[in-house]
Every structure is written in structure tokens, then in C-alpha cells.
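Notes to accompany the following structure.
The values are calculated or read from the model by the stated rules, or taken from the named source; none is laboratory data. Since this is a predicted model, take the numbers as computed values, not measurements. Positions of Cβ are generated from backbone atoms using ideal geometry, with glycine treated the same way; all protein chains shown enter the neighbour counts.
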């Protein structure tokens, strides 16, 4: 159902380097790159993350309550990718942990522009 989700960034090259290195362990890479938007994922037929300079050329803003969640496939991968995000310069916005017993595990961070991202695992 989901084709891609887009987040606004201020530095396209810095953000591309961050997200491609962060998501490489789950098979993601830059799939399409244009002047102001880059699509990152496993393939154009699977859900992707798009990073972009806002179309209206105004300042990038993060929405309160907006978040993108990425399911890397296991609790261990959630921890691995969360720790990698922090090593790459992201800030913690909720340390890895079980949120709903036996159902939902999450690890939250904010990127350089304040976009909130979660790595999660159901089950």
C-alpha cells in the first residue's frame, strides 16, 4: 500500500549520506536522484524513503506528531540501526525498548533536521 514517504531536509547531500549508510544493512540504497529529491530503498517496487528540499523553497519544518517507522525485521536490527543512527549524528528521541509487551518494540531518533524516525518490530 505505501509507495514512499517524504521528509524535508536542509542539506540533500548530507542527508543522502546519512540515510544510505544507515539503511544499507537492510539493503537500501539510492534508487533515484533528482535536483531536489532522492528516493532511497531496496527497489522501486517496495516502499521507499524520499528526502527532499521543500518544493516551495521555504524552510523545512518537522510536523509535531509526524514520524516515519521502518521495520528492519527483528528487535536486534532495530537496536543495530538505532545505534548506527546515533553514531552517525542523530539524537535519541526514545531509547530502544519494548513498548507493548509481546507486541511492539521501538527505537526512536531525530535526524539532523529534526525529522522523527522509528525502527520498530511487531511480535
query = What number of residues in segment 23-46 are over 18 Å from residue 7 (Cα atoms) and assigned to a helix (DSSP H, G or I)?
reply = 3
key: Matching residues, segment 5-27, being surrounded by 17 or more Cβ atoms within 10 Å (Cβ to Cβ) and out of contact with any strand residue (DSSP E or B) (no Cβ under 8 Å at 6 or more places or on another chain)   = 18, 22
task = Among the numbered conditions (1) at pLDDT 95 or above; (2) out of contact with any helix residue (DSSP H, G or I) (no Cβ under 8 Å at 6 or more places or on another chain); (3) surrounded by 15 or more Cβ atoms within 10 Å (Cβ to Cβ), tell me where residue 34 comes up short.
result = (3)
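Might you check whether a residue that is on the phi > 0 side of the Ramachandran plot and at pLDDT 95 or above occurs anywhere in segment 54-71?
no
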ask   = Looking at (1) outside any helix (DSSP H, G or I); (2) over 16 Å from residue 114 (Cα atoms); (3) in contact with a helix residue (DSSP H, G or I) (Cβ under 8 Å, 6 or more places away or on another chain), which is the only condition residue 49 fails?
value = (2)
Index of the failed condition, residue 113 passing every other in (1) farther than 17 Å from residue 20 by Cα; (2) surrounded by 15 or more Cβ atoms within 10 Å (Cβ to Cβ); (3) touching a helix residue (DSSP H, G or I) at 6+ places or on another chain (Cβ under 8 Å) = (1)
